[in-house]
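Read the structure below first, then the notes.
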Amino acid sequence: MYETFEELKQSIQNCQKCKLCNNRNNIVFGTGNEHSKVMFIGEGPGADEDMQGIPFVGKAGKLMNMAFEGIGINRKEVYIANIVKCRPPANRNPEDDEVVACLDYLRNQVMLVKPKIIVLLGSVALKNILGKEYGITQSRGKWVEKKGIMYMPTWHPAALLRDESKKIDFWQDLKKVKEKMIEI
Ligand code: URA
């Protein structure tokens, strides 16, 4: 584990711990306030993120930004990262070996940010952080407390692009996050 973000970022620069390194343009490390109370964790970079090296800048990210604006969450005030830092081909889910190879980076980010709240965006984030026994449909919108951190699982924003009816849930879940941010 690295004690500073600079050291951690440096250590990742030429990562070849899994096969996702073969096709990447950029490692998508994370963005936002490195001392935030709140962290958002997605799945993995898409094409836009891979091109820019920044998480959630594509269509799903724009939708998430709109929700942030509507609810009064400042994107720059939170910290945003992904389960895997390199783009899975054709946006498939990251495979277990890729997650295992990458997850220590995220653990190190969590250790450095020290968030009080972690928002888990979608099933891949939920299952790899809280455990495979969790399902997103049952778990979303409900706080889970573990080792002093409050976790809020919710839909991945890309799911809202496929199914508009999920938007209301997403908005409600983020409102709970906003309330908790004020409270703690
Ligand atoms: N989807 C994710 O899970 N993460 C991103 O950074 C972009 C899209």
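The values are calculated or read from the model by the stated rules, or taken from the named source; none is laboratory data. All values derive from a computational prediction rather than experimental measurement. Cβ coordinates were reconstructed from backbone atoms using ideal geometry, including for glycine residues, and neighbour counts include every protein chain displayed. All accessible areas refer to the heavy atoms of the entire protein, side chains included, with ligands and DNA or RNA removed. Shrake-Rupley method; radii C 1.70, N 1.55, O 1.52, S 1.80 Å.
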Of the conditions (1) part of a helix (DSSP H, G or I); (2) over 25 Å from G148 (Cβ atoms), the single one that L112 does not satisfy is (2)
Only one of (1) out of contact with any Gly (no Cβ under 6 Å at 6 or more places or on another chain); (2) within 26 Å of K175 (Cβ to Cβ); (3) within 9 Å of the ligand (Cβ to nearest atom) does not apply to G44, and that is (2)
Subset of segment 156-175 [free of Cβ contacts under 8 Å to residues at least 60 places away in the same chain and open to solvent by less than 30 Å² (accessible area, probe 1.4 Å)]: A159, D173
Hits in segment 125-134 - residues which are at negative phi and open to solvent by less than 20 Å² (accessible area, probe 1.4 Å): A125, L126, L130
Quick check: is even one residue across segment 48-58 more than 9 Å from the ligand (Cβ to nearest atom) and closer than 19 Å to I117 by Cα? no
Count, please, the residues in segment 67-84 that happen to be among the hydrophobic types (A, V, I, L, M, F, W, C) and closer than 18 Å to E179 by Cα. 5
Go through the residues of segment 163-182 one by one and say whether even a single one is part of a strand (DSSP E or B) and within 16 Å of the ligand (Cβ to nearest atom). no
What residue, among those in segment 95-143 that are among the charged types (D, E, K, R) and either within 13 Å of the chain's Cα centre (by Cα) or under 15 Å from M1 (Cα atoms) (or both), is nearest to the ligand (Cβ to nearest atom)? K127
